[in-house]
Each structure stands twice: as C-alpha cells, then as structure tokens.
Amino acid sequence: MADFIPSLPSSLGLSLAFALALLMGVALKYWLSSRQIRHVAQHRGQVPNAFAHTVTLAAHQKAADYTIAKARFGLLELALGAAVLLGWTLLGGLSSLNQALLGWLGGGMAQQVALLAAFVLISGLFDLPLTLYQTFVIEERFGFNKMTFKLWLLDLLKSSLLGAAVGLPIAALILWLMGAAGSGWWLWAWGVWIGFNLLALLIYPTFIAPLFNKFSPLEDVALKARVTALMNRCGFAAKGLFVMDGSKRSGHANAYFTGFGAAKRVVFYDTLLAKLSASEVDAVLAHELGHFKHQHIIKRIVSLFALSLLGFALLGYLATQAWFYTGLGVQPNLDAPNNALALLLFMLAVPVLSFFITPLFAQLSRQHEFEADAYAVAQTSGADLASALLKLFEDNASTLTPDPVYVKFYYSHPPASERLARMLA
C-alpha cells in the first residue's frame, strides 16, 4: 500500500513529540499533586476560620489525611500509568500483541476484534491491583468502603460481561465501517457513536443500573410531596423518585438525575437521606435542577459530540498515515487492515496531548456549579444549601483547604469556601 510507506522524519518527529508530551504531562501532574499534598498538610492543624463553628477539628483532619492518602496513591498510579503507556506504544507492546494475533487468526475481522478485546483485558489486569488497593485499603482505612470482596468480584464480573456484550458489537460495527465505507467512514462511525450514546442514556436507568444497585420508590410521603412541589415549581418532570442502596458499596452520599427525555429519574443515595434534613434534600435537588434550567447537560452533550466529530475526522486522516503507526511504536500491516491498531493508538495518544487543556474544561464546570448554586438559592434556601454542602463535604471527607493551583487545574466543583461565600452573600 502506497499510504503505508514509512516516512522516517515524520515518524521520528511524532515519537519525540509524544515522548516529550508524556514527560511534560507526568512532570506537571507530579508538581500539582505535590503542591496539593504540601498545602493540605500545612493547613491540617487548624479548621479555617469560616468553618470554625461548623466543622470539628477531627473531621477537618480526617479530610486532610484522606486527601493526602489519595494524592500519594495518585502519584503511584501516575508512574505506573506512564510506564504501561510507554510499554504499549514506543516500546512495542501493542505491535507485538498485534503480530501475535495476526499469526494466530490471520488478518480478518476476528483478529481486529480480538486485538481490541485483548488490549482491554490486559489493561484491566494492570489496573486490578490498583483498584483493589484503593477500595480495600484507602477507602477501608477511612471508613468509606462497605463492599465485601465477594460483592466487588460480582460487580467486576457483571461489568466485564456487560462491556463485552455491548462493546464488542459496537467495536465490530465501527471496524466494518472503517473498511467498507470509504474515506468518509469516520462520519458514519461518528453517527453510530452518537446513536449509541443517546440510546445508552435512555436504557441505562431502566436496564443497566439495576444490575448493580437496588432502586426503590421514595416512600417518605412528606419528602416526596416537598420534592414534587419543588420540581413542579421549577417546571421539571421526571419518571420517578428513587432511593438507591448506595450504602451497600460506599459510605459516600450523593443525589443525581439519570436518563434522558421522558426517561429521566431522580435518584437519592440512601446515605444522603440518612444525613440530610428534608429542607437540605430540597436544596440539593434544586441545585441539580439548576443544571437543567441552565441547560448545562445539553451543552455538555453537544460539546462532547462536537469534539468527538473532530476526533473521528482526525482519526480518519491519521489511520492512512504510516508515520502515525511507526511514530508510536507500531509496525502497520501491509497486507491486512490496520483499523483496530489505529483506534487503539488514537485512544492512547489523545489523552497525553489533551491533558494540557484540562483547566479550560474544569473552569467551565466550576462556572456551571456556581450557576446551579445560584438557582438553588433562588428556589429554596441558601442556608439550607450551605448546611447540606457542609455535611456532604464532611461526609465525603473533602478537604476545606485545597491548593489553589491544583483547584484551577483539576477541580470540576469549586472548593467549599468559594461556594459558601457566594451563596451566603
């Protein structure tokens, strides 16, 4: 194939750019995490003045210790993740796996699907020890983990089977389009991807989520009446109000909307209802309604679809360039399709390069949270929302003293001090 005659300068340039971006990304993540650890540790000994009458020193120190433990563990994940990524790409791991499967299965669709499945399986095995440590050591140490190993194993089995049953047919369809739809395959594949995501939004609440958790109708008559009145006042309709047995897995509390269109549901964790008063639950729900009122969800979906269109278009170009493969440590097939290789290399490379624009999306998300807070204060009570947020921050052991630079780069939600200052003003 003429397109796959290696271009050494382009390949070498991509290899150097990828290695440099990975190195810079790791260095920046390490610096940010180190700042977070140092800043939280320095402020561990005293509750900030704004919270001195509402948060105990013990709760403040638990949040600091939990934040530091997660950040230190994150440094280990960072190092291992970078090593695994280099192993897959520039050190030839993906290329070796591809060649092994070519020798076994030949160069047809079965080999391409097998390559995707093997990559996911091996990557999952690499992540398994880290997941176990995070759940049964860190979360256990701070009293958040409620899962038994049996339940964890059952969840893993369910999610793996579900991922295979849903993911493999979608992957096979994308691969078929890459080979059969000509140079414009990426537009068709983008349409399939959008359709799949919209369908998932519709079926997740009814068919997928109940595989992992029990959802019971909200039985508290007074709370149900209060919540329904709030939703009517805000012009919001949902298919039902449900309580999820989140306490079966974690001590963290939350509430959320799920679904799309007429399939929307309001879900409260049982841990949330156990910790908040009715008026505080009302305020938290009003915050979530604020996201819908400002169309944050729709805006995010549209932005995601627009970015994915650019991604598919870029992949459509890169999939035909030999330097894209060789520059990332893979020898492209000369007499077999390279579509699965292109997909995997793209998924491995894009996060390395897109990491540097993370602060832009974090800033937008924090702005959305401020807007939702303002809506909740207008619809309910700022004091109730502030009280609920303080309880949730304490319950989830969220530090009250994060590093400001770390916040700007990573935080999708504003720190407690900023949120409370705005809503109580």
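Laboratory data are not the source of any read-out in this text; all were calculated from the coordinates shown. This one's a predicted model, so the numbers in the text were calculated from it and none came from an experiment. Please note: Cβ atoms are built from the backbone with ideal geometry, for glycine as well, and neighbour counts cover all protein chains shown.
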So how strong a dipole does the chain carry about its Cα centre when Lys and Arg Cβ are +1 and Asp and Glu Cβ are -1, to the nearest 20 debye?
500 debye
Mind checking which of Thr135, Thr320, Thr56 has the largest fluctuation in a GNM of the chain, springs on alpha carbons under 10 Å?
Thr56
Put +1 on the Cβ of each Lys and Arg and -1 on the Cβ of each Asp and Glu in the chain; which of Thr56, Ala21, Leu101 then has its Cα farthest toward the positive end of the dipole?
Thr56
Report, by chain and number, residues whose modeled amide H sits under 5 Å from the one on Ser250, excluding near sequence neighbours (fewer than 5 apart, same chain).
Lys146
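Local charge sum around His368 (other residues, Cβ-Cβ under 15 Å, Lys/Arg +1, Asp/Glu -1)?
Values: positive: Lys293, Lys299, Arg300, Arg366, Arg419, Arg422; negative: Glu288, Glu369, Glu371, Asp373, Glu418.
Cβ neighbours under 15 Å give a net charge of +1.
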Pop out the ³J(HN,Hα) list for region 195-201 in order, Karplus 6.51 cos²θ - 1.76 cosθ + 1.60 with θ = phi - 60°, rounded to Hz; leave Gly and Pro as x.
x, 5, 5, 5, 5, 4, 4
Counting other beta carbons within 10 Å of each residue's own, what order do Trp88, Trp323 fall into, fewest first?
Trp323, Trp88
Using the crude model of +1 on Lys and Arg Cβ and -1 on Asp and Glu Cβ, and no other charge, please compute the dipole size for region 287-425 relative to its Cα centre, in debye to 20.
260 debye
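Would you mind ranking Phe324, Phe149 by Cβ crowding within 10 Å, fewest neighbours first?
The fewest-first ordering by Cβ neighbours comes to Phe149, Phe324.
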Run the numbers on the chain and let me know its relative contact order in percent, using alpha-carbon pairs under 8 Å that are six or more apart.
27 percent
How big is D for region 206-245, in µm² s⁻¹ as a whole number, if Stokes-Einstein is applied with the Kirkwood radius of its Cα pairs at 10 °C and 1.306 mPa s?
140 µm²/s
Given all pairs of distinct Cα atoms, region 6-78 yields a Kirkwood Rh in Å of 14.9 Å
Using the Cβ atoms and a cut-off under 12 Å, what net charge is assigned to the surroundings of Lys408, where Lys and Arg are +1 and Asp and Glu are -1?
0
The chain: calculated mean residue ellipticity at 222 nm from DSSP helix runs of at least 4, using -39500 (n - 2.57):
-23000 deg cm²/dmol
With 10 angstrom as the radius, rank Lys275, Lys299 by how many other C-beta atoms surround their C-beta, starting from the fewest.
Lys299, Lys275
What is region 143-264 by shape, rounded, prolate or oblate, if you read a ≥ b ≥ c off the alpha carbon gyration tensor as root eigenvalues and call it rounded for a/c under 1.5, prolate for a/b larger than b/c, and oblate otherwise?
oblate
Please list log₁₀ I(q)/I(0) at q = 0.19 Å⁻¹ for region 226-303, using the Debye equation with identical point scatterers on the alpha-carbon positions.
-0.84
Over region 46-190: Kirkwood hydrodynamic radius from C-alpha pairwise inverse distances, Å:
19.2 Å
More than 31 Å apart - percent of Cα-Cα pairs taken over the chain
50 percent
With springs connecting C-alpha atoms under 10 Å apart, model the chain as a Gaussian network and identify which of Tyr325, Tyr411, Tyr133 has the largest mean-square fluctuation.
Tyr133
Between Ala171, Ala83, Ala319, where does the largest GNM mean-square fluctuation fall for the chain, given springs only between Cα atoms within less than 10 Å?
Ala83
Check region 212-320 and count each lysine pair with an alpha-carbon distance under 28 angstrom, considering only pairs eight or more places apart or from different chains.
21
Mind checking which aspartates and glutamates have their C-alpha under 19 Å from Lys146, skipping anything on the same chain fewer than 8 residues away?
Asp155, Asp245, Asp270, Glu394, Asp395
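Could you work out the equivalent-ellipsoid semi-axes for region 74-149, taking the square root of 5 times each eigenvalue of the Cα gyration tensor, largest first, in whole Å?
So the equivalent ellipsoid measures 33, 16, 6 Å along its semi-axes.
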Measuring from the longest principal axis of the C-alpha atoms of the chain, the long axis of helix 109-133 (C-alpha) lies at a number of degrees, nearest 10, equal to 40 degrees
Dimensionless Rg ratio for region 273-425, taking C-alpha atoms and the 2.2 N^0.38 Å reference
1.45
Read phi for every residue in region 348-353 and hand back ³J(HN,Hα) as whole Hz from Karplus 6.51 cos²θ - 1.76 cosθ + 1.60, θ = phi - 60°, with x for Gly and Pro.
7, 7, 4, x, 5, 7
Relative counts (whole %) of C-alpha pair distances in region 1-130, using bins that are 5 Å wide
2, 8, 12, 12, 13, 13, 10, 8, 7, 5, 4, 3, 2, 1, 0
Expected vector for region 360-369, Karplus 3J(HN,Hα) from phi with 6.51, -1.76, 1.60 and θ = phi - 60°, integer Hz, x for Gly and Pro, equals 5, 6, 5, 4, 4, 5, 5, 5, 5, 5
